[in-house]
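First comes the structure, then the notes that go with it.
The values are calculated or read from the model by the stated rules, or taken from the named source; none is laboratory data. The model shown is predicted, which means the values in this text are computed figures rather than measured ones. Virtual Cβ from ideal backbone geometry, glycine too; neighbours counted across all protein chains shown. Side chains included, ligands, DNA and RNA excluded: accessible areas come from the protein's heavy atoms. Shrake-Rupley method; radii C 1.70, N 1.55, O 1.52, S 1.80 Å.
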Amino acid sequence: MPAKHVVRNFAENSYYHVFNRGVEKRIIFLDEQDYNMFLYYLSIYLLPLEQVLRFYPNFSIRLYNKNLSEEIELISYCLMPNHFHLLLKQKNKDSTSKLIKQVTNGYTLYFNTKYERVGGLFQGVFKAVGIDTDELILHVARYIHLNPVVANIVKDPKEYMWSSHKEYFDKEKHHKSFVNKNTLLSYFSSPEKMNDFVTDYIEYAKEIDKIKHLTLEN
């Protein structure tokens with residue numbers, strides 16, 4: 001996706017593909033704890049508050065009014081070593097900005113404390129692209145879920161731990177998923193059909209990745 005897009009006028013009841021990378025393209029997830037901490041921040045702001053309190057009994061009372069579960073839905077995500085992708089549907093026009101600010105500020109504080117560094121961790125203002133058709137929702141979700149495959153980290157998107165793709169096949173009823181699966185699954189007769197839609201595109205996606213530097217801004 002083109003990195004040049006910085007949406008300033010977000011709309012109500014709209015979908016957005018949100019992206020950001022580490023400053024100077026640096027690695028922002030160095031170990032499993034780092035990935036889990038970023039997901040923790042997503043979960044405390046996206047899960048309904050009663051679930052947050054059940055899963056995290058020591059959740060700080062000062063964060064109660066920052067919960068955004070009534071304002072925004074996460075459709076898909078992928079955390080890569082030096083960047084992240086989110087596909088979001090927001091109800092209020094400022095929900096996406098609030099979520100990204102809260103998550104990245106919390107994660108930056110954690111990261112800087114852990115690794116004894118100072119300063120910003122992410123590359124300026126996050127990038128966002130408006131998604132206004134069903135076709136684009138599907139294309140962007142597939143693009144997000146194929147990131148670790150195109151990067152040759154895994155061969156099957158189900159194998160990647162830090163992506164929502166695997167969650168679409170999770171049968172655990174008590175799993176604290178903060179992904180709204182209904183949107184993508186509504187386009188397919190089964191999760192397996194959705195998986196076919198993603199994996200059938202792998203070779204083409206890899207070929208496109210080889211020439212992306214010729215067509216997209218870095």
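Worth pointing out:
- Heavy-atom accessible surface of the chain: percent carbon and sulfur, 1.4 Å: 51
- Residue pairs exceeding 21 angstrom between C-alpha atoms, taken from 158/206; 155/193; 66/101; 25/98; 127/176; 91/181: 25/98; 127/176.
- Accessible surface, the chain, averaged per residue in Å² (probe 1.4 Å): 54
- Extending 7 Å from Cα along the Cβ direction at residue 188 and again at residue 61 yields two label points whose distance is 4.5 nm.
- Choice from 93, 114, 127 showing the highest fluctuation, given a GNM over the chain with Cα pairs closer than 10 Å: 114
- Cβ crowding within 10 Å averaged over residues, with 180-190, 45-55 ranked highest first: 45-55, 180-190
- Only aspartates and glutamates eight or more places from residue 89 in sequence, or on another chain, were considered; those with a Cα closer than 20 Å are 12, 70, 71, 73, 132, 134, 135, 167.
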